[in-house]
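The values are calculated or read from the model by the stated rules, or taken from the named source; none is laboratory data. Since the model is a prediction, treat every value here as computed from it, not as a measurement. Note: ideal-geometry Cβ built from the backbone for every residue, glycine included; neighbour counts use all protein chains shown.
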């Protein structure tokens, strides 16, 4: 296996050392006396879609049940395998985590979910236990409530070769995340198709993510609605549409009027904590813009949750319940 380029290693080391930043805060310890995953909120159906649509079948639960995110005795859970592939976009070898379902066999084909991390994080970040990326899909599948799937966790900072910049909260650095749409569609997806037994088509392809990963999931999922049928954004960061925050002005990947999908998503889901001190009202603004644009989607808030795993796991739990036609 060829090694990373020196530049790629420097970028990876830089991202790993960042412990606190504007959109990704250090984790706050959970008070075990008040476990947020035990404080399950009442079911809410907050879909903006019409009655009878697929999205309207989801009864949203605004916190992830503890039993869904916890490891269960006697249950075998998958592990993530890290591989390296060569990118024609960045002209370097890049990391990729792949989670294959327990019992994976090439005699069967599986739908694929691309799970995206936040800014200045990496392909390992969404594997942390509080995110539920290993436990939630497995537990729900074992309960007969979700489909088996392959989950792919890429490294999201993907500037064109020679355009790498130091990590910072400015547009020059954001450009490397904005360019991930090309890395994903032109390099990663063909690699996954060539190396794993997958189902193809938008009805078998999902994208979701946290913070910057949620921002990019909305952008990629709506921009390439021909490829992605399921789109999830958990506490999505600024920049999907024009706006200003403490880091400055975000030019927007869409104008407000153009924030639409050419082909309606089978599921589009956005959520955020009511106490999010990082992305603030940006997630709600995306919900409001999509509503004005008559774009069907699901929106809900997690009471008391900050920019953390409590909000992410709630969004991810509902998204997995709805992904790949599991509600039918």
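Things to note:
- Residue list for the stretch 224-244, restricted to those being over 10 Å from the mean Cα position of the chain (by Cα), under 22 Å from residue 173 (Cβ atoms) and either touching a residue at least 24 places away in the same chain (Cβ under 8 Å) or crowded, with 24+ Cβ neighbours inside 10 Å (or both): 237, 238, 239, 240, 241, 243
- Qualifying residue in the stretch 48-65 (condition: in contact with a strand residue (DSSP E or B) (Cβ under 8 Å, 6 or more places away or on another chain), at pLDDT below 90 and not in a loop (DSSP other than H, G, I, E, B)): no
- Selection count, the stretch 304-328, where residues are on the phi > 0 side of the Ramachandran plot and not in a loop (DSSP other than H, G, I, E, B): 2
- Selection count, the stretch 179-199, where residues are in a loop (DSSP other than H, G, I, E, B) and more than 14 Å from residue 151 (Cα to Cα): 1
- Flag for residue 191 being touching a residue at least 60 places away in the same chain (Cβ under 8 Å), buried (at least 22 other Cβ atoms within 10 Å of the Cβ) and more than 18 Å from residue 239 (Cβ to Cβ): no
- Every listed requirement among (1) in contact with a helix residue (DSSP H, G or I) (Cβ under 8 Å, 6 or more places away or on another chain); (2) free of Cβ contacts under 8 Å to residues at least 24 places away in the same chain; (3) more than 23 Å from residue 186 (Cβ to Cβ) is met by residue 144 save one, (1).
- Taking (1) modelled with pLDDT of 50 or more; (2) surrounded by 17 or more Cβ atoms within 10 Å (Cβ to Cβ); (3) closer than 19 Å to residue 271 by Cβ in turn, residue 36 satisfies each apart from (1).
- Counted residues, the stretch 147-167 - those being under 17 Å from the mean Cα position of the chain (by Cα) and assigned to a loop (DSSP other than H, G, I, E, B): 5
- Unique residue being crowded, with 17+ Cβ neighbours inside 10 Å, more than 14 Å from residue 211 (Cβ to Cβ), touching a residue at least 12 places away in the same chain (Cβ under 8 Å) and out of contact with any helix residue (DSSP H, G or I) (no Cβ under 7 Å at 6 or more places or on another chain) when the list is 290, 321: 290
- Residue within the stretch 99-107 that is at pLDDT 95 or above and outside any loop (DSSP other than H, G, I, E, B) present: yes
- Remark: residue 115 matches the filter, which requires a residue to be crowded, with 23+ Cβ neighbours inside 10 Å and in contact with a helix residue (DSSP H, G or I) (Cβ under 9 Å, 6 or more places away or on another chain).
- Residue under evaluation residue 89, criteria (1) in a loop (DSSP other than H, G, I, E, B); (2) at pLDDT below 95; (3) within 24 Å of residue 219 (Cα to Cα), criterion not met: (2)
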